[in-house]
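Here's the structure, in structure tokens; my notes come after.
The values are calculated or read from the model by the stated rules, or taken from the named source; none is laboratory data. From a predicted model like this one, the values you see are computed outputs, not experimental measurements. Backbone-built Cβ (ideal geometry, glycine too); neighbour counts: all protein chains shown. Side chains included, ligands, DNA and RNA excluded: accessible areas come from the protein's heavy atoms. Shrake-Rupley method; radii C 1.70, N 1.55, O 1.52, S 1.80 Å.
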Amino acid sequence: MLSYRHSFHAGNHADVVKHTVQSLIIESLKEKEKPFLYLDTHAGAGRYFLGSEHSEKTGEYLEGIARIWQRDDIPAELEAYMQVINYFNRNENLKYYPGSPLIARQLLRDYDQIHLTELHSSDYPLLRSEFQKDDRAKVLKADGYQQLKSQLPPMSRRGFILMDPPYEMKTDYQAVVEGIKEGYKRFATGTYALWYPVVMRQQIKRLVRELEETGIRRILQIELAVQPDSDRRGMTASGMIVINPPWKLEQQMTNVLPWLHKVLVPSGHGHTKVSWITPE
Ligand code: SAM
């Protein structure tokens with residue numbers, strides 16, 4: 001049974017980094033007029049109320065989006081992401097946090113396609129109702145990993161696949177690598193972005209090694225740590241592993257991560273990183 005609910009974590013520092021990368025990839029794909037598929041394998045509920053019992057219990061968003069919201073020195077790289085945050089919080093109060101499906105919904109064009117899967121019996125109906133009136137969207141209560149086989153390659157031959165599992169089961173660490181291999185076999189030119197948490201550094205080192213062993217080229221790693229590595233403290237860092245990143249992404253994240261780190265982590269602990277796991 002799935003117990004993870006993203007509502008406890010929405011808007012935390014990991015979401016800020018994940019959704020910054022997501023929005024930059026979408027904006028880059030929009031530079032060509034041709035349509036593309038946005039496939040979100042682990043979509044969550046879509047919209048999160050920051051006054052909910054879940055959000056209030058952890059208060060994680062207070063050390064995430066709340067720290068950058070309404071600053072007057074926001075870098076250009078955050079423009080698209082912040083536009084979406086502002087859209088959902090028009091009256092100057094930070095009340096809602098849009099998850100990855102709603103960020104995509106706001107940024108995609110009329111002729112792009114959105115395919116979302118979510119398995120949780122409470123989050124799936126919430127997600128489906130968000131997209132009821134959106135002709136571009138297909139929302140399924142289905143296994144996200146299976147979509148990498150059944151939905152690829154897209155008709156448009158252009159696509160962005162976001163994989164954001166909760167890693168509540170250890171098997172997720174293998175499933176993401178298998179999923180990427182399956183997807184890549186069918187659609188080698190797509191852009192794949194995989195989110196990962198750093199709870200135990202060894203697990204991420206293994207994940208990176210397994211990705212290297214796939215032989216896939218052009219894999220970029222982006223990470224922001226709020227604490228030094230530790231096997232006791234829970235999540236100390238998070239990151240995105242991007243296959244076939246748009247050419248500007250490395251530079252954009254190199255520009256913006258130090259600013260995000262400064263603002264999100266006033267103590268200065270942790271680190272940032274943008275580097276290639278495998279280059280061209
Ligand atoms: N991507 C979302 C965002 O950025 O707003 C957050 C997603 S949350 C980290 C992970 C979600 O994956 C949870 O809502 C969980 O119920 C769902 N999930 C877990 N296993 C799944 C699977 N095999 N297929 C589809 N969804 C799954």
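Mean sequence separation of contacting Cα pairs (under 8 Å, at least six apart), scaled by the length of the range 6-278, corresponds to a relative contact order of 22 percent. Computed over neighbours whose Cβ is under 12 Å from that of Tyr184, the net charge equals +4, Lys and Arg +1, Asp and Glu -1. Per residue, the Cα convex hull of the range 6-278 amounts to 123 Å³.
Only bridges with both residues in the chain count here: give the DSSP antiparallel percent, nearest 5.
Details: 23 of 39 bridges.
The antiparallel fraction comes to roughly 60 percent.
Taken along its principal axes, the alpha carbon cloud of the range 143-280 reaches lengths of 47, 33, 24 Å, longest axis first. Could you work out what % of the accessible surface of the range 6-278 is carbon and sulfur, using a 1.4 angstrom probe and leaving DNA, RNA and ligands out of the count? Result for the range 6-278: 47 percent of the exposed heavy-atom area is carbon or sulfur. The residues of the chain present an accessible area of 46 Å² per residue when probed at 1.4 Å with all protein chains retained. Each peptide in 236-242, 107-113, 89-95 receives the mean, over its residues, of other Cβ atoms within 10 Å, and ordering these scores from highest gives 236-242, 107-113, 89-95. The equivalent ellipsoid that matches the C-alpha gyration tensor of the range 13-106 spans semi-axes of 23, 16, 11 angstrom, in descending order.
Modelled this way, with points 7 Å down the Cα-to-C-beta line, the labels at Glu33 and Arg71 are 3.8 nm from one another. Once you reduce the range 1-77 and the range 149-175 to the center of their Cα atoms, the two points are 18 Å from each other.
The charge dipole of the chain, taken about its Cα centre with unit charges on the Cβ atoms of Lys, Arg (+1), Asp and Glu (-1) only, comes to about 460 debye.
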